[in-house]
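Beneath this line is the structure, given in structure tokens, with notes to follow.
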Amino acid sequence: DKNLPHCMKLTEMTLKEFWTEYCKIKDDLKNSLSRISHTTDLWSDQNLDSYMALTAHFMTCYDDHTSARHV
């Protein structure tokens, strides 16, 4: 289809978005108020493809209020 970007452009766009989000998460974790709790989950699908999820829970302070965050 003429409206779809080339695969190299899609790769470039995906990596750019990844690094943007990566830097945001890294800054959030650096600025956490205390400890960071991690949870993990491992599983495989019917084709035996393996997956792993990692979640971090932490507290942050933005605009003079404290909030719980997870990424």
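If you go through region 27-41 and pick out every residue that is open to solvent by less than 100 Å² (accessible area, probe 1.4 Å) and among the charged types (D, E, K, R), you end up with 3. Scanning region 6-26 for residues that are open to solvent by less than 80 Å² (accessible area, probe 1.4 Å) and acidic (Asp, Glu) returns a single hit, 21. Considering the chain, the qualifying strands (runs of 3 or more DSSP E), each wholly inside and each with 1 or more residues that are at pLDDT 90 or above and of a type in the set (D, E, K, R), run over 37-44.
In region 42-56, of all residues being open to solvent by less than 100 Å² (accessible area, probe 1.4 Å) and among the polar types (S, T, N, Q), the one that is farthest from residue 29 (Cα to Cα) corresponds to 44.
The values are calculated or read from the model by the stated rules, or taken from the named source; none is laboratory data. Everything numeric in this text was worked out from a predicted model, so none of it was measured. Areas reflect the complete protein model, heavy atoms only, side chains present, ligands, DNA and RNA absent. Shrake-Rupley method; radii C 1.70, N 1.55, O 1.52, S 1.80 Å.
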